[in-house]
1. Can you give the longest stretch of the chain with no exposed loop site, where a site means chymotrypsin sites (Phe, Trp or Tyr not before Pro) in a DSSP loop (not H, G, I, E or B) with at most 11 other C-beta atoms within 10 Å?
2. Give me the compactness ratio for the chain, meaning the Cα radius of gyration over 2.2 N^0.38 Å.
3. Test of understanding: what is the full-extension gain from residue 143 to residue 275, defined as 0.36 nm times their sequence separation minus their Cα-Cα distance?
4. Based on Cβ point charges of +1 for Lys and Arg and -1 for Asp and Glu, what charge dipole magnitude is obtained for segment 1-78 about its Cα centre, in debye rounded to the nearest 20?
5. So if R0 is 25 Å, what FRET efficiency would residue 263 and residue 69 give, r being the distance between their Cβ atoms, rounded to the nearest 0.05?
6. Once fully extended, how much extra length lies between residue 123 and residue 27, figured as 0.36 nm per residue of separation less the alpha-carbon to alpha-carbon distance?
7. Which whole-Hz ³J(HN,Hα) couplings does segment 255-268 yield from phi under the Karplus relation 6.51 cos²θ - 1.76 cosθ + 1.60, θ = phi - 60°, glycine and proline marked x?
8. Specify, per residue and in Å³, the volume enclosed by the convex hull of the alpha carbon atoms belonging to segment 1-79.
Amino acid sequence: MNEVIKIDRNEVLKRCKIVAFDTHKGIQGHALIVAGSYGKIGAAVLSSKACLKSGCGLVTVFIPKCGYQILQMANPEVMTCTDDVEYRISDIYLPFEPDAVGIGPGLGQSSQTQKAVLKFLHNCNSFLVVDADALNILSKNREGLDYLKAKTILTPHPKELERLIGEWDTEEEKWSKTISFSLKYNVVVIMKGAPTHIIDGFNVYKNTTGNAALATAGSGDVLTGIITSLLAQSYTPLDAAIIGVYIHGLTADIALPETGTQSFIASDIIKYLGKAFLSISDLRITLEATNKMKTD
């Protein structure tokens, strides 16, 4: 393993792009979120809203039929496609080619859904973020790992990581297995935790933002939406992962004095995204002004 690189504000600043003043939704990327099953449509709501609030121009959600009214009422800015089946996803078909796809939040693991996910991954040419039940489906159907596009982003929490790489006895073994997994399948692994790490082959990055407030239901769904949005905006997978985890954690750091740890929920991550992105913009302006003063 190479030296661990800290994901701090300077690391993020050098990777963030300035949004052009004359941009429009057609060139800000079109993302797809594949998510939800009966009782878990909220995962699709959170992920798609986070995707929009992170700068993506257009967001479409593919959900089971039972989630249609929920999605339309919760996120009127999001376009919605539904499966023919009422309570679960059984076949993922689209009338367009998305720039990036986030798949997995709240999907469930029915046999129908497993087949649909594997078929979709086999045929998908877009940049991918694979999360939650989509990760568990890959763990049960290992052949699906060979379908993944190069530099697909996987976002496992510790138990999901264990299902992917197998059990470990020591921290050293966990790192070794994760790096080997990343190299074998040419994927970027976001090892969620406190702190979150990103593994891209032998390169390991350690996030410096976030606190215990993020230990709440739906937090991972929001992270999937943020990273999918950045991918759709033409960030490289590694840059999308680095900026995404940093911004995700930064929302909790900004909110903590107002909400405390216990009262912070996943919707609050989305609520504070604007302030998190603004803090990066403000830092850029400050640094540019400082540099100008030095040269004058």
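1. Working: sites that count: 21, 93, 96, 202.
The answer is 97-201.
2. Details: Rg = 18.6 Å, N = 296, 2.2 N^0.38 = 19.1 Å.
Normalised Rg, Cα atoms only: 0.97.
3. Values: separation 132, 0.36 × 132 = 47.52 nm, distance 4.16 nm.
Gain in length upon complete extension: 43.4 nm.
4. Working: 10 positive and 5 negative charges, 17 e Å.
With only Lys, Arg, Asp and Glu charged at Cβ, the dipole is about 80 debye.
5. Details: r = 29 Å, r/R0 = 1.15.
So, using R0 = 25 Å, E works out to roughly 0.30.
6. Details: separation 96, 0.36 × 96 = 34.56 nm, distance 2.42 nm.
Contour length minus the Cα-Cα distance gives 32.1 nm.
7. 7, 3, x, 9, 9, x, 6, 5, 8, 7, 10, 4, 4, 5
8. Working: hull volume 11.5 nm³, N = 79.
So the per-residue Cα hull volume is 146 Å³.
Laboratory data are not the source of any read-out in this text; all were calculated from the coordinates shown. This one's a predicted model, so the numbers in the text were calculated from it and none came from an experiment. No Cβ is skipped: glycine too gets one built from the backbone with ideal geometry, and neighbour counts run over all protein chains shown.
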